[in-house]
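Asker: Structure below; questions to follow.
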Amino acid sequence: MTPLHLLCSLCLLPLALSQYLPPMPIPFTTRPPLRQDSYSTTPDFAIEVDAANSELVFDLLNPANMEEVGQEGGEVFYQVVPGIMGTHKYSIAPCGVAIPHFHSDGDAINYVMEWNAQAEVGYVEADGSTVTIKNIKKGNTFRMARGTLHWVVNKSCTETLSGIQFFNSPDIAATRPDLQIGSIPEEILIVSMGEEVAALISDWAVNKPNVRDMLVLCPRCVQECGL
């Protein structure tokens, strides 16, 4: 037998013997993790808390827990869950309008408690298109994404709108673009919008009553309804 034949025979010897040897143990570092059965142990203690004493339980509809802001076109109650979320409970009077606004810090989920066929929700798409949502019903929910300019108008002469808004941010401040535009110096408005429009905006910003209210009455609707 030549040295080359001897070397090849020695290389194949482990393979030939492997069928007669027990399997090699799996190294510890490559073994699959043991199954952890979550039901195999029981807690050493249990805590019971009355709902009245829990920070996780609160009454969304209790005005005592909320800050009320009465306005011309309705009323708004504010409530903030510290560090988690904020809520609004709102009502919009007949002929009331929720002024166009947006929320820069969170999305808003609106749960409808009272509605009518004359009420509409409007918003502006990113491309500038205006969308009007009609025929919303009691019990419906609609969402407004963060930064979306939107408004609500109640064209009914007799029925009130109401609902609850949930925000995924504790900062529930609303931004009104009309107030932002009204704060621009008149000479800048003239350059961007022309003298006539600039004069109208400047006059509106100075003289418009209830300019800070979010809920106002529509004069045309009030006149047509005889309110």
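Asker: Using packing as a proxy for protection, rank 126-133, 145-152 so that the peptide with the highest average count of other Cβ atoms within 10 Å comes first.
Answerer: Sorting 126-133, 145-152 by mean packing, highest first, produces 145-152, 126-133.
Asker: Which order do the peptides 153-161, 194-202 take when ranked by the mean count of other beta-carbon atoms within 10 Å per residue, highest first?
Answerer: 153-161, 194-202
Asker: Ranking request for peptides 134-143, 88-97, 162-171: highest mean number of other beta-carbon atoms within 10 Å first, then the rest in descending order.
Answerer: Going from most to least packed, we get 88-97, 162-171, 134-143.
Asker: Equivalent ellipsoid semi-axes for the stretch 86-181, as square roots of 5 times the alpha carbon gyration tensor eigenvalues: give them largest first, rounded to whole Å.
Answerer: Calculated on Cα positions only, the semi-axes equal 21, 16, 13 Å.
Coordinate-derived values only; no laboratory data. Bear in mind that the values here come from a model prediction, so they are computed numbers and not experimental data. Heads up, the Cβs are rebuilt from the backbone with ideal geometry, glycines too, and the neighbour counts pull from every protein chain shown.
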